[in-house]
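Readers should treat all values here as calculations from the given coordinates under stated rules, not as data from a laboratory. Please read all numbers here as calculations on a predicted model, not as lab measurements. All Cβ positions, even for glycine, are placed from backbone atoms using ideal geometry, and neighbour counts span all protein chains on display.
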Amino acid sequence: MRSLAFLLFVAACGGGSPGDQPDANVSDPDPDFDDTAAMIEVQQQVYEGGGGTSITANLILEDPIWPYTVEEPIGACRWSLRTPQDCGFDCQGVCVGTVCEPLPVPQEAGELTITTGAATRTIPFGKAGYQLFEQSLVFAPGATLTASAPGDTVAAFELSAQVPEAIELTNQAELVLAVGEPLVLRWEPTDPGSRVRLMLGADLGHARYRSALIECDVPDEDGQIAIPQELVDRFADGELWSCGDCFSHSMKRYYRARGSAGDLDLTLWVTELESPYLVPTP
């Protein structure tokens, strides 16, 4: 299952109690792409002059259509290619061929509370579900963050995960996207126990769906993601690109907790975002 909200713009199985750890053991290099469609994400990003915090919750009862052909992972990374679509610019859902399929409707679970004890935010349900943005860093790294709601159409839930440390790409100036050129993204592994999820998206097309994706998932302790050369070479194909700046890429250090709201599988992601800059060479 895929979380559409998480891709657009992570950790223990079970109850999601405080102190939860990532799903994959740090000694296990296999990527963890077992995402649920229903999700809550608390995301922070440090940038020059400050930082920001966003909270979104996409409580949907069925998986959205995912208009990509997704291949099996190669090492820590996998390739996805958008399926052909020709719905024009009026499709507000998911275009499959020439058919515009509607998106699942967000459901209500009562007022959503996000808290670490030292900082709390409450978010009412709105037309777009649950959304909040603040131009400040609200939640302290290392704190245990809990997301809860009393229940409504979606049953009551409570999930907890740790707030990760900020992540910074340390070799941005070295990144080159070209056929035959290695592509390695590096960071300082300062948050043992967390994981890092990378998403690169080629930008030919419009709206929310990129023409091709590379997704990678590793323990923070690795300190780098070396994308397999065969995926780099495919991604550097100019046929997949437009201006190169139409979408941003993302690298997220995360903790996540998996649990449920009644019969609904639900994931809380607590993430720190870095935005790599990468375009193919002419």
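Rounded to the nearest 500, the helix-only mean residue ellipticity at 222 nm of the chain stands at -1000 deg cm²/dmol, with each DSSP H run of n ≥ 4 adding -39,500 (n - 2.57).
Remark: relative contact order (the stretch 53-130) = 28 percent; criterion is Cα-Cα distance under 8 angstrom and separation of 6 or more residues. Secondary structure note: in the stretch 157-282, about 95% of the DSSP beta bridges are antiparallel. Take every Cα-Cα pair in the chain and report what % of them are more than 23 Å apart. Value for the chain (Cα pairs over 23 Å): 54 percent. Looking at the chain alone, DSSP beta bridges between its own residues are antiparallel in about 90 percent of cases.
Can you give me the Cα centroid spacing of the stretch 213-253 and the stretch 29-73 in angstrom? The distance from the Cα centre of the stretch 213-253 to that of the stretch 29-73 comes to 16 Å.
Computed from the Kirkwood radius of its Cα pairs, the Stokes-Einstein diffusion coefficient for the stretch 213-282 at 25 °C and 0.890 mPa s stands at 164 µm²/s.
The ranking of 111, 272 from fewest to most other beta carbons within 10 Å of each one's beta carbon is 111, 272. Projected onto their three principal axes, the Cα atoms of the stretch 148-276 cover extents of 52, 35, 22 Å, largest first.
Packing, taken as the mean count of other beta carbons within 10 Å per residue, orders the peptides 212-221, 134-143, 82-91 from highest to lowest as 212-221, 134-143, 82-91. Per-residue Cβ neighbour counts within 10 Å put 254, 68 in the sequence 68, 254, beginning with the fewest. Taking a ≥ b ≥ c as the square roots of the eigenvalues of the alpha carbon gyration tensor, the stretch 91-200 is oblate, as a/c is not under 1.5 and a/b does not beat b/c.
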